[in-house]
Amino acid sequence: MSEPTAAASSGSARRAKVLPEGVRAHNRALVLTTLFHAGAMSRADLARETGLTRVTTSDLVGELVASGVVVEQGTRPGARPGKPAVLVDLDRASLKVVGIDLSDAHELRGAVIDLAGVVGERAAVPRPATGDGALDAVEGLAADLLGRAGGRVLGVGVGSPGIVTADGTVATAPNMGWSDRPVQRELRDRLGAPVYVANDADVAALAERTLGGAAGDFMLVKVGLGVGAGVVAAGDLVRGARGATGEIGHVTVGTDGGPRCACGRDGCLESWLSIRAMEERIAAGADPRAVRRDAGERLGIALAPVLGVLDLAEIILSGPAEHLDGPVLDTALDTLRERTFRHDDVRVRLSAQGEDVVLRGAVVLLLHGELGVT
Ligand SMILES: [Zn+2]
């Protein structure tokens, strides 16, 4: 074994240089996370909340004000005598995100959203051809909205159907014609802006967690063209071994067959519950109430073991209220209670965020990806 050499000492010098920037990034994220959740406060209060020194806090706030992420917002009313404390906060109204929702049955939707989740400019294009054509359409939609955003844009957040890995590669999304396609990287290269791509139901679950006030562990079931879900446990999105947590649409429900599914099998949850499946059965003459009760019962059967395993506080449905409110919700809840033990108090409700849930979730993707806000 040799003595420590110049290489070793230059290694530790490099570490010494890297470590403070790592700490600084961590502290910066802590400051931004605290401001995001608690709202405007003085530098002194911010130091107290974060546990950082006042010098460090002022230094970081100075840097964040200079970069336009944080703004000073006047002084606190009714403050103690002496020099009044200046309040600082994230620049919630001027910082923008472009959100893109690829989950709608008929069109690709996009919007400019501020950090408070308020939706501004909107754009949409008809659902295009799949594969390269679909990516071109997403690029065009995002470029259009980036051009119209005004203010400072953090980047683009995309909610895509299908299985999406942590690096934004779409492993499989038949509705988009993408398979092992690095959509996040391709869009970054084309747009020259930060882009984050995640599964649409996961993005919706993030919106519900951060902007919708969901408490505790929950599962958000997104019902539209297909059926997917996002699971939040211990405050975090559960990704799973394949990035496919919540892909319940093609789980067979029951042993009695059922409608033929687009995947070629019979009785998948999607073949009972997707909006298209329900609309087709109703158009063929079935009683709408019975169709929705059947869908709710199959949802309850599919979710009972999930509830038993994960001990969720809530199950939140996201999709058109005219289909999901009433018989679907009620029957799902009854079925869950029948089939689980000690979960009588589980809540099953409709998301209050309506059609914009994925667009608003894009804000959460960018807050985390670009600013480290958790
Ligand atoms: Zn299926």
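One line per residue, one yes/no per condition, for (1) at pLDDT below 95; (2) hydroxyl-bearing (Ser, Thr, Tyr); (3) more than 21 Å from Val69 (Cα to Cα); (4) in a loop (DSSP other than H, G, I, E, B):
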{"residue": "Met1", "(1), (2), (3), (4)": "yes, no, yes, yes"}
{"residue": "Ala7", "(1), (2), (3), (4)": "yes, no, yes, no"}
{"residue": "Ser10", "(1), (2), (3), (4)": "yes, yes, yes, no"}
{"residue": "Arg15", "(1), (2), (3), (4)": "yes, no, yes, no"}
{"residue": "Val18", "(1), (2), (3), (4)": "yes, no, yes, no"}
{"residue": "Ala25", "(1), (2), (3), (4)": "yes, no, no, no"}
{"residue": "Leu32", "(1), (2), (3), (4)": "no, no, no, no"}
{"residue": "Leu35", "(1), (2), (3), (4)": "no, no, no, no"}
{"residue": "Leu46", "(1), (2), (3), (4)": "no, no, no, no"}
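For region 303-328, residues that are open to solvent by 20 Å² or more (accessible area, probe 1.4 Å) and within 17 Å of Leu220 (Cα to Cα) total 11. Would you check if Ala234 is closer than 23 Å to His368 by Cβ and either out of contact with any strand residue (DSSP E or B) (no Cβ under 8 Å at 6 or more places or on another chain) or more than 16 Å from the ligand (Cβ to nearest atom) (or both)? Yes: the conditions hold for Ala234.
Within region 284-296, which residues are under 31 Å from the mean Cα position of the chain (by Cα) and either open to solvent by 40 Å² or more (accessible area, probe 1.4 Å) or away from the ligand (no atom under 16 Å from the Cβ) (or both)?
Step one: filter region 284-296 for residues under 31 Å from the mean Cα position of the chain (by Cα), giving 291-296.
Correct list: Val291, Arg292, Arg293, Asp294, Gly296.
Of the candidates Gly240, Gly213, the single residue that is loosely packed, with under 15 Cβ neighbours inside 10 Å, closer than 19 Å to Gly354 by Cα and either within 12 Å of the chain's Cα centre (by Cα) or not aliphatic (A, V, I, L, M) (or both) is Gly213. Is there a residue being within 25 Å of Val119 (Cβ to Cβ), in contact with a helix residue (DSSP H, G or I) (Cβ under 7 Å, 6 or more places away or on another chain) and touching a residue at least 12 places away in the same chain (Cβ under 8 Å) anywhere in region 42-57? No, region 42-57 has no match at all.
Suppose we filter Leu303, Leu324, Leu299, Leu365 for residues that are on the phi < 0 side of the Ramachandran plot, within 23 Å of the chain's Cα centre (by Cα) and outside the structural domain of Asp217 (by TED's automatic domain parsing); which single one remains?
Working: Leu303 fails: outside the structural domain of Asp217 (by TED's automatic domain parsing); Leu324 fails: outside the structural domain of Asp217 (by TED's automatic domain parsing); Leu299 fails: outside the structural domain of Asp217 (by TED's automatic domain parsing).
When all the criteria are applied, what remains is Leu365.
Residues in region 243-283 that are over 17 Å from Arg293 (Cβ atoms), more than 9 Å from the ligand (Cβ to nearest atom) and of a type in the set (Asp, Glu): Glu247 alone.
The values are calculated or read from the model by the stated rules, or taken from the named source; none is laboratory data. Just so it is clear, the structure is predicted and the values come from calculations on it, not from any experiment. Every residue, glycine as well, gets a Cβ built from its backbone with ideal geometry; the counts of neighbours run over all protein chains shown. The accessibility values were calculated without ligands, DNA or RNA, using every heavy atom of the protein model including side chains. Shrake-Rupley method; radii C 1.70, N 1.55, O 1.52, S 1.80 Å.
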